[in-house]
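Please read the structure below before turning to the comments.
The values are calculated or read from the model by the stated rules, or taken from the named source; none is laboratory data. What you see is a predicted model; the values in this text were computed from it and never measured. We place every Cβ from the backbone using ideal geometry, glycine too, and count neighbours over all the protein chains shown.
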Amino acid sequence: MILAELALTSPYYLVLSALLFATGATGLLIRRNPLVMFMCVELMLNGVNISFVAFGADLNDVGGQISVFFVLVVAAVEVVVGLALVVAINRRRSDATADDVSLLRG
Amino acid sequence: MAEFITFFFGAAIILAGAIGVVVARNAVHSALFLIQTLLGVAVIFVVQEAHFLAAVQIVVYAGAIVIVFLFVIMLLGVDKAEDLGVEPIAGQKPLAVVLGASLLATAITFVLVATDGATGVGSGDPERQLDSGITDIERIGRVLFTEYAVAFQLTAALLTIGVIGAVVLTRSQSSADQLDDLAPASVDLPSLAPEGANDEHHVDTVEEDAS
């Protein structure tokens, strides 16, 4: 069988990572609901996490996994602040999309 | 071989979930597809023998972050289906798909051209090497609390700032409203004056009695 002869090397993970990142980026550009846009940002972050771990495994170094840990923390904070913004905007305009935020003035 | 099959299962789960997040009309469905993707990423972490990260991925991402998403969806009542056919910006979707596809093509080209993989040099420190025999958790713990201790402290500060920011942003009353509430004028006290003492006519009757 051909599959048995193939070793699972980092390009597989990197292509998967690129696919996930591109899907997230496309969703971020297509969708207008700010909540779904944040979910697409999470997809992009996860795509990056996969390649961090793949590179770490390639170099036999734990640094890649440490990076994923920090990305996770930053993602959590980003979601908390971002969703707080969504809640604050929705108080004023009940059916706000991302386009309506352009009406905000300082 | 088993590794290979697990990888392709994980990849299929991840990509199906990712496409689901993008195309689902209902925000709740998007959140559930997001959980699917995150669990698939945890499978990929297990294949790469990052067991601690796989556990953290499930507990923190699927267990906490997506729950926050679902809480906000519930709170705002935006769980109604969105009409994806509406297109206020002409040509937004085709352009977005073209941009996403070109991003993907660029990334994959880079990966396939760079056939020699990661060209950097891993740390010679045996504590950082993945095949040094100690468990995953111990290795990450040792490195995180020594080499990356400052960064770790900074994430603590970042989390605190994030929580304070969320509280400030979602506070329901502005500070002006709160000052109004403290003002005693809004309290309706019962009058201590005798019945009718504050009427206009009352003053007149007193004057008439004096004359």
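Summed over region B:78-118, residues that are within 28 Å of residue A:53 (Cα to Cα) and at pLDDT below 70 total 4. Answer yes or no: is there a residue in region B:134-154 that is closer than 25 Å to residue A:27 by Cα, crowded, with 17+ Cβ neighbours inside 10 Å, within 8 Å of chain A (Cβ to nearest Cβ) and modelled with pLDDT of 80 or more. Looking for residues that are closer than 25 Å to residue A:27 by Cα, crowded, with 17+ Cβ neighbours inside 10 Å, within 8 Å of chain A (Cβ to nearest Cβ) and modelled with pLDDT of 80 or more, one finds none in region B:134-154, hence no.
Scanning region A:1-29 for residues that are among the β-branched types (Val, Ile, Thr) and modelled with pLDDT under 90 turns up A:2, A:9. There is no residue in region A:43-64 that is touching a Pro at 6+ places or on another chain (Cβ under 7 Å), at negative phi and either at pLDDT below 95 or among the basic types (Lys, Arg) (or both).
For region A:11-36, residues that are farther than 20 Å from residue B:20 by Cβ and crowded, with 21+ Cβ neighbours inside 10 Å total 2.
Among the residues of region B:8-64, those identified as in a helix (DSSP H, G or I), among the polar types (S, T, N, Q) and more than 13 Å from residue A:16 (Cα to Cα) are B:30, B:36, B:57. Determine if region B:63-74 includes at least one residue that is over 17 Å from residue A:42 (Cα atoms) and not polar (S, T, N, Q). Looking for residues that are over 17 Å from residue A:42 (Cα atoms) and not polar (S, T, N, Q), one finds at least one in region B:63-74, hence yes.
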